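K.L.:
Following this message is one structure expressed as structure tokens.
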């Protein structure tokens with residue numbers, strides 16, 4: 001029997017789809033699942049007659065592979081990944097490769113990479129985005145690990161990856177150890193933000209009297225070939241909102257329970273941002289909104305106890321639709337800017353050496369956040385790799401400067417109509433803060449911290465001189481006021 005080129009462990013939807021994708025590109029694929037019945041069902045079903053080798057124990061799986069062995073884990077993150085690694089190790093030799101294609105926490109990937117490297121085993125933590133359809137037809141792939149490990153599977157990954165409009169495969173080497181999984185986690189955080197921003201616009205449209213099919217038509221228009229909002233999420237919003245509830249004239253969206261569950265990547269994104277001191281208010285708001293959605297019983301009880309009176313919309317509908325369109329685009333730019341800032345901070349903290357332009361190119365097709373404007377992100381970082389923030393890219397900066405008032409208007413009218421706009425507000429406030437040379441709120445809190453805890457504070461040159469005061473060595477000067485002493489003397493803190 002001809003040896004398999006690669007193995008896939010885990011015969012759930014993603015694992016099966018990836019195996020079929022690989023086989024369709026000319027590769028022999030060995031497959032295994034902890035539950036033998038799933039392997040058998042796959043072999044006798046979708047894989048029947050294809051170059052897919054079903055195996056029923058791990059030694060059989062490894063023996064079915066050509067050397068060096070290449071094994072892709074498509075199993076639940078956490079302990080199951082560690083368990084499979086432990087079970088595979090006795091059957092592997094130095095130079096063999098394990099690929100974790102699940103949504104693993106990047107610090108676990110760093111740990112596993114280090115442990116396996118010490119044993120001579122190569123390891124790639126690989127983000128795979130696109131869901132079932134992407135896995136089958138072409139996902140966006142974000143591999144991180146040893147570069148020599150990536151080279152072992154580069155051709156396979158390029159063959160199975162989604163292809164952008166210019167034919168470029170949506171895969172590239174991301175960086176060492178946990179880089180691939182960190183980028184995938186951040187991708188998912190940006191995805192949370194995108195989904196919540198669109199959801200807030202839909203909620204607003206419903207509150208001003210629009211029906212689901214009318215909203216779907218607006219979204220379909222926004223997904224037009226030359227529209228700046230054109231994206232996969234806008235496309236599927238338009239499509240899904242037209243769906244009727246089975247056996248009735250109602251729309252399915254009006255019968256779906258208002259509960260959005262989570263698998264953890266959005267939370268990891270926010271946790272990482274807190275650790276790295278990077279503000280991502282839009283993404284955080286999206287996570288918090290999902291958390292609130294799960295408090296269904298609490299919300300049903302609170303609506304009985306707390307009646308909030310709201311106004312109604314009496315303006316021109318076409319005008320507010322246009323306002324919402326540009327507001328959503330600005331909020332989207334802001335949200336992506338937050339995600340990119342997190343990538344840049346992680347790259348520095350963990351020595352990932354991330355290339356933002358290349359990452360944006362990977363996201364152009366196959367993944368959930370694929371969108372027309374990712375081309376503009378790629379161009380922005382190719383033009384200026386040291387761009388301080390995505391919002392500073394000339395094309396985005398010009399649009400934001402000309403239209404920022406529309407985002408403010410949308411938020412105001414949404415609140416007037418009783419629609420929460422957590423993500424929209426976070427996007428707007430992020431722009432206001434990042435373009436503020438002086439933040440009076442921070443000035444006040446800095447004094448408060450020094451007053452109650454003697455934590456010290458820095459100084460600026462004056463109201464019109466927002467730069468920090470430094471000494472002759474270029475070091476930032478730090479001060480403390482003795483608040484409880486007569487005259488409240490001020491002293492410089494030396495370290």
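K.L.:
Let me confirm something: among 53, 9, which residue is more than 18 Å from residue 98 (Cβ to Cβ) and in contact with a strand residue (DSSP E or B) (Cβ under 9 Å, 6 or more places away or on another chain)?
P.N.:
53
K.L.:
For region 156-174, what are the residues that are surrounded by 16 or more Cβ atoms within 10 Å (Cβ to Cβ) and assigned to a loop (DSSP other than H, G, I, E, B)?
P.N.:
161, 162, 164, 168, 170, 172, 173, 174, listed by residue number.
K.L.:
Let me ask something else about it. How about region 445-495: which of its residues are touching a helix residue (DSSP H, G or I) at 6+ places or on another chain (Cβ under 7 Å) and within 23 Å of residue 434 (Cα to Cα)?
P.N.:
Matches in region 445-495: 457 only.
K.L.:
With a cut-off of at least 3 residues that are over 15 Å from residue 15 (Cβ atoms), name the helices (runs of 4 or more DSSP H) lying wholly within region 60-139.
P.N.:
Hits in region 60-139: 79-88, 106-118.
K.L.:
Can you name the number of the only condition in (1) in contact with a helix residue (DSSP H, G or I) (Cβ under 7 Å, 6 or more places away or on another chain); (2) part of a loop (DSSP other than H, G, I, E, B) that residue 308 fails?
P.N.:
(1)
K.L.:
Within region 267-277, track down each residue that is surrounded by 14 or more Cβ atoms within 10 Å (Cβ to Cβ), in contact (Cβ under 8 Å) with a residue 24 or more places away in the chain and farther than 20 Å from residue 424 by Cβ.
P.N.:
Selection gives 268, 272, 276.
K.L.:
When you scan region 34-52, do you find a residue that is buried (at least 23 other Cβ atoms within 10 Å of the Cβ), part of a helix (DSSP H, G or I) and out of contact with any helix residue (DSSP H, G or I) (no Cβ under 7 Å at 6 or more places or on another chain), even just one?
P.N.:
no
K.L.:
If residue 110 satisfies every condition in (1) in contact (Cβ under 8 Å) with a residue 60 or more places away in the chain; (2) crowded, with 24+ Cβ neighbours inside 10 Å; (3) outside the structural domain of residue 348 (by TED's automatic domain parsing) but one, which is the exception?
P.N.:
Result: residue 110 passes all but (2).
K.L.:
Oh, and also: Residue 251 versus (1) touching a residue at least 40 places away in the same chain (Cβ under 8 Å); (2) under 16 Å from residue 198 (Cα atoms); (3) in contact with a strand residue (DSSP E or B) (Cβ under 9 Å, 6 or more places away or on another chain): which is the lone unmet condition?
P.N.:
(2)
Yes/no per residue for (1) closer than 24 Å to residue 429 by Cβ; (2) in contact (Cβ under 8 Å) with a residue 24 or more places away in the chain:
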{"residue": "445", "(1), (2)": "yes, no"}
{"residue": "462", "(1), (2)": "no, no"}
{"residue": "469", "(1), (2)": "no, no"}
{"residue": "476", "(1), (2)": "no, no"}
{"residue": "480", "(1), (2)": "no, yes"}
{"residue": "484", "(1), (2)": "no, no"}
{"residue": "493", "(1), (2)": "no, yes"}
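K.L.:
Looking at the structure I just gave you, is residue 68 in the same structural domain as residue 24 (by TED's automatic domain parsing), touching a residue at least 60 places away in the same chain (Cβ under 8 Å) and farther than 23 Å from residue 17 by Cα?
P.N.:
yes
K.L.:
Examine region 282-300 for a residue that is in a loop (DSSP other than H, G, I, E, B), surrounded by fewer than 16 Cβ atoms within 10 Å (Cβ to Cβ) and under 18 Å from the mean Cα position of the chain (by Cα), and state whether such a residue exists.
P.N.:
Checking region 282-300: not a single residue is in a loop (DSSP other than H, G, I, E, B), surrounded by fewer than 16 Cβ atoms within 10 Å (Cβ to Cβ) and under 18 Å from the mean Cα position of the chain (by Cα).
K.L.:
For region 163-196, give me the residue count where each residue is touching a strand residue (DSSP E or B) at 6+ places or on another chain (Cβ under 9 Å) and either assigned by TED's automatic domain parsing to the domain that holds residue 238 or closer than 20 Å to residue 354 by Cβ (or both).
P.N.:
Residues that pass the stated criteria total 21.
K.L.:
Kindly list the number of the only condition in (1) free of Cβ contacts under 8 Å to residues at least 24 places away in the same chain; (2) part of a loop (DSSP other than H, G, I, E, B); (3) touching a helix residue (DSSP H, G or I) at 6+ places or on another chain (Cβ under 9 Å) that fails for residue 313.
P.N.:
Residue 313 satisfies every listed condition except (1).
K.L.:
Right, something else. Select, from 69, 76, the only residue that is closer than 24 Å to residue 174 by Cα and out of contact with any helix residue (DSSP H, G or I) (no Cβ under 9 Å at 6 or more places or on another chain).
P.N.:
Checking each option against the conditions leaves just 76.
K.L.:
Still on this structure, please answer the following. Just checking, how many residues over region 341-365 are touching a strand residue (DSSP E or B) at 6+ places or on another chain (Cβ under 9 Å) and in a helix (DSSP H, G or I)?
P.N.:
4
K.L.:
Restricting attention to region 276-296, does a residue exist that is in contact with a strand residue (DSSP E or B) (Cβ under 8 Å, 6 or more places away or on another chain) and within 24 Å of residue 326 (Cα to Cα)?
P.N.:
Within region 276-296, none of the residues are in contact with a strand residue (DSSP E or B) (Cβ under 8 Å, 6 or more places away or on another chain) and within 24 Å of residue 326 (Cα to Cα).
The values are calculated or read from the model by the stated rules, or taken from the named source; none is laboratory data. On a predicted model such as this, the values are computed, not experimentally measured, just so you know. Every residue, glycine among them, receives a Cβ derived from its backbone with ideal geometry; neighbour counts consider all protein chains shown.
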